[in-house]
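Asker: Let me give you the structure first, and then I'll get to my questions.
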Amino acid sequence: MKKTILAASAAALLAVCAAPVALAQTPTSAPTPASAVQHAENAALARILTDYETYLRSVDPITAGMEGDRAAQGRLPDASRAFEVAQEPVLKGFADRLAALDAATLTPDDRLNHAFLTYVIRRARDRIPLDTGRIDAFSSEGGPGQTAGYLAAVTRITSAEDAELYIARLEGLPRFYSDQRAAAQRGLETGLVQPRSIVENALTLIEPEAALTPEADPLLKPFAALPASIPADRQAALTARARAVVADRIMPERREWARFLREDYLPRAPETLGLAHRPGGRDLYAFLVRGYTTTDMTPDEVHQLGLQEVARIRARMDTEMQAAGWTGDFASFLNFLRTDPQFYATSREQLLEKASEMAKRSDDGLPALFGTLPRTPYGVRPVPLEIEANYTTGRYFPGSMENGIAGGYMVNTGKLDQRPLYELPALTLHEAVPGHHLQIALQQEAEEGPYFRRSVDVTAFVEGWGLYAEFLGEEMGFYRTPYERFGRLSYEMWRACRLVADTGIHWLGWDIEQARACFRDNSALATHNIETELQRYIGWPGQATAYKVGEIRLRAIRSRAEAELGDRFDVRRFHDALLVDGPLPMALLDERMNRWIAEEKGRP
């Protein structure tokens, strides 16, 4: 039934997208006033934006569900190749309608929306022939099971209807698994495959997942505490249905997914690491770099930028090392930081408590830097035990005010001897506030703008902002010791080395030792974290290039605003202008902020 409804919806959308733009007709004997033309074009764009919202809600039920769309909360996205290919004529319809508009006649805000949506649709269309699902099906952090686990973690059942919707979503998981397996199989057939190390890392998560029992299954956590408003007999019936779906339909798919990776994929996975060694891999990587950075930078340019940043940051690290009173060389200082017990928590609880204290201290500094703060709160939570082994040091999970879910600053509390406390301030600022939580929550709450801008993924902006937030810690006086300041610089060095290593692996064909050297020799990152991060870059090509490119652009925009506005520069207004309307690709961000600077100059 769901497949039929979705197909019918796609067909209806195709008709909408292909429809000609209906512009107001005027007599040829009289010129059309400029205001009338602008009104007609703005109205036509508004219809396109409305239709595109309908389209997005249909094809992306996860985001729609987080926005409070009840029906969407019972669906999963269609991850099949056939569905992806079917989007081309739909997207072309939107592209044609956008191209038919005279963008020069639109209001400034609508010109920006027109340019942004044109960019988003062009990228989506360009991606379809590349069939990136072949390498996106899984990474070192797992596969479809990790998506399912995330959905379980952000599902809150407050009524019998909520439970029915979640059960319907569970019923869609077997198809989701099989679609991802089919994508990985296409990779095997075409040579676009993940390397052996990524498969081995994924199996360390997938094998235990395949061995789960329903009693311990994370997918059933939303049923652990059903509300008293649901009668006890109904609670039991709903829980039994969900357990049956997991046991009878999802577990077989998990076991088949694990078997496929272990028996079919792993024997054919190459030792060579990067896309440079795969058919069509270099062209694909160049496309990914352009997308993640939202620029026209080439991989060679990104690599060179990384080398320049490594040299610049290293000079500042030497200064902080001396401020700490260290008289030895740089390598011995790194060894001291990686091994001295004073820099490490002694329990999971202690690490969470320190992260929580830092998060609350960061909250205290926000009003001085931001005029607008989000309504959605956030919590400090441990990374789930079942995924912590291959997971990053920290991450952010978006919340949803509509569904009663706070954002989550996720702290990895495993391997405590690899989680140095001198890095925790920068991590907190990046993942919580003023980093990801503040920026993403404001984006979600930007109700004045079009729907697509509330959820669009602009990695260079989002991750660039997270890194910029670490820099803001200096203005906030957040780093209290030379060790914490060095930790901040070590984190910045980490992102600079990402530019070097990611392009080295996927463009220059480096091996793991060539990529490892930058992190080992120039940062204080713990050994486990370096290895975890390297596997992340190998399995997720291009994403790591976004951070530094975005941060450098954000800091350049701020420097330009400070120089041009002088005493009129207000950091709170500046940050609001950057954040409140949501992220933008770098060129459009420059355009938007140049307009803001001009407006500020004209303010009384």
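The values are calculated or read from the model by the stated rules, or taken from the named source; none is laboratory data. In this text the structure is predicted, and so the values were computed from the model without any measurement. Virtual Cβ from ideal backbone geometry, glycine too; neighbours counted across all protein chains shown. Ligands, DNA and RNA are excluded from the accessible area calculation, which covers all protein heavy atoms including side chains. Shrake-Rupley method; radii C 1.70, N 1.55, O 1.52, S 1.80 Å.
Asker: Which shape class, rounded, prolate or oblate, goes with segment 453-570 when its Cα gyration tensor gives a ≥ b ≥ c as root eigenvalues, a/c under 1.5 marks rounded, and past that a/b bigger than b/c marks prolate? Walk me through the intermediate numbers first.
Answerer: Details: a/c = 2.38, a/b = 1.49, b/c = 1.59.
Here segment 453-570 falls in the oblate category.
Asker: If one computes the Cα centroid of segment 50-118 and of segment 140-197, what distance in Å separates the two points?
Answerer: 22 Å
Asker: Check cross-link reach from residue 415 to the aspartates and glutamates: straight Cα distance under 16 Å, and skip same-chain residues fewer than eight apart.
Answerer: Reachable aspartates and glutamates: 340, 349, 386, 388, 423, 531, 533.
Asker: What aspartates and glutamates could a cross-link reach from residue 92, if we take a straight Cα to Cα line under 14 Å and drop same-chain neighbours fewer than 8 places away?
Answerer: Output for residue 92: 51, 84, 126.
Asker: Distance in nm between label sites at residue 347 and residue 188, each 7 Å beyond Cα in the beta-carbon direction?
Answerer: 4.7 nm
Asker: Enumerate the calculated ³J(HN,Hα) couplings along segment 174-186 in order (Karplus 6.51 cos²θ - 1.76 cosθ + 1.60, θ = phi - 60°), each rounded to whole Hz, writing x wherever the residue is Gly or Pro.
Answerer: Result, ordered by residue: x, 5, 4, 4, 5, 5, 5, 5, 5, 5, 5, 5, 4 Hz.
Asker: State whether segment 399-448 is rounded, prolate or oblate according to the following rule on the C-alpha gyration tensor (a ≥ b ≥ c being the square roots of its eigenvalues): a/c under 1.5 gives rounded; otherwise a/b larger than b/c gives prolate, and the remaining case gives oblate.
Answerer: Oblate, because a/c is 1.5 or more while a/b does not exceed b/c.
Asker: Taking R0 as 41 Å, what FRET efficiency do you get between residue 244 and residue 50 from their Cβ-Cβ distance, rounded to the nearest 0.05? Please report the intermediate quantities before stating the final value.
Answerer: On the way: r = 40 Å, r/R0 = 0.98.
My answer for the efficiency is 0.50.
Asker: Same structure, new question: Let me check against my output: what whole-number percent is the relative contact order of the chain, with C-alpha pairs under 8 Å and at least 6 apart?
Answerer: Values: 855 pairs, mean separation 95.7, N = 604.
Here the relative contact order equals 16 percent.
Asker: Quick check: net charge around residue 346, other residues with Cβ under 12 Å of its Cβ, Lys/Arg +1 and Asp/Glu -1? Intermediate results must be reported in sequence, preceding the final value.
Answerer: Values: positive: 348, 354, 419; negative: 349, 353, 417.
Around residue 346, the charge tally is 0.
Asker: From largest accessible area down, sort 319, 376; use a 1.4 Å probe on the protein chains. Present the calculation step by step, with values, prior to reporting the outcome.
Answerer: Values: 319 80, 376 10 Å².
If we order 319, 376 from most to least accessible, we get 319, 376.
Asker: Please give the solvent-accessible surface of residue 283 in Å², to the nearest 10, using a probe radius of 1.4 Å with every protein chain present.
Answerer: We get 120 Å² for residue 283.
Asker: What distance in nm separates the simple spin-label points at residue 123 and residue 563, each placed 7 Å from Cα in the Cβ direction?
Answerer: 2.8 nm
Asker: Follow-up question, since we're still on this one. Based on alpha-carbon centroids, what's the gap between segment 370-425 and segment 465-490 in Å, whole number please?
Answerer: 18 Å
Asker: Would you tally the net charge around residue 125, using a Cβ to Cβ cut-off of less than 15 Å, leaving residue 125 out, and scoring K and R as +1, D and E as -1? Don't skip to the end; give the middle numbers.
Answerer: Working: positive: 92, 97, 122, 123, 127, 290; negative: 84, 88, 96, 126, 131.
Taking every Cβ under 15 Å from that of residue 125, the sum is +1.
Asker: Could you sort 297, 493 by their accessible area in this structure, using a 1.4 Å probe and putting the largest first?
Answerer: Working: 297 45, 493 0 Å².
The ordering from most to least exposed comes out as 297, 493.
Asker: Quick one: length gained pulling residue 256 to residue 300 fully straight, 0.36 nm per residue minus the C-alpha distance?
Answerer: Working: separation 44, 0.36 × 44 = 15.84 nm, distance 4.05 nm.
In short, 11.8 nm is gained.
Asker: How much net charge surrounds residue 479 when only the other residues with a Cβ under 13 Å from the Cβ of residue 479 are counted, with Lys and Arg +1 and Asp and Glu -1?
Answerer: Values: positive: 316, 361, 480, 485, 488; negative: 320, 423, 470, 474, 475, 484, 492.
In short, -2.
Asker: Place the peptides 50-60, 111-121 in order of packing, highest mean first, counting for every residue the other Cβ atoms within 10 Å and averaging per peptide. Mind dumping the intermediate values first?
Answerer: On the way: 50-60: 18.0, 111-121: 20.0.
Listed from highest to lowest mean packing, they are 111-121, 50-60.
Asker: Quick one: pull the percent of accessible area on the chain belonging to carbon and sulfur, 1.4 Å probe, ligands and nucleic acids left out.
Answerer: Details: 13410 of 24360 Å².
Of the solvent-accessible surface of the chain, carbon and sulfur hold 55 percent.
Asker: On to the next question. Taking the mean number of other Cβ atoms within 10 Å as a proxy for protection, how do you rank 122-129, 422-429, 272-279 from highest to lowest?
Answerer: On the way: 122-129: 14.0, 422-429: 26.4, 272-279: 19.8.
Result, highest mean Cβ count within 10 Å first: 422-429, 272-279, 122-129.
Asker: By its C-alpha gyration tensor, with a ≥ b ≥ c as the square roots of the eigenvalues, how is segment 108-190 shaped: rounded for a/c under 1.5, else prolate for a/b larger than b/c, else oblate? Don't jump to the answer; show the numbers that get you there.
Answerer: On the way: a/c = 2.73, a/b = 1.19, b/c = 2.30.
Since a/c reaches 1.5 but b/c is at least a/b, the shape of segment 108-190 is classed as oblate.
Asker: Separation between the residue 323 and residue 372 pseudo-spin-labels, each 7 Å from Cα along Cα→Cβ, expressed in nm?
Answerer: Using points 7 Å along Cα→Cβ, the separation is 3.4 nm.
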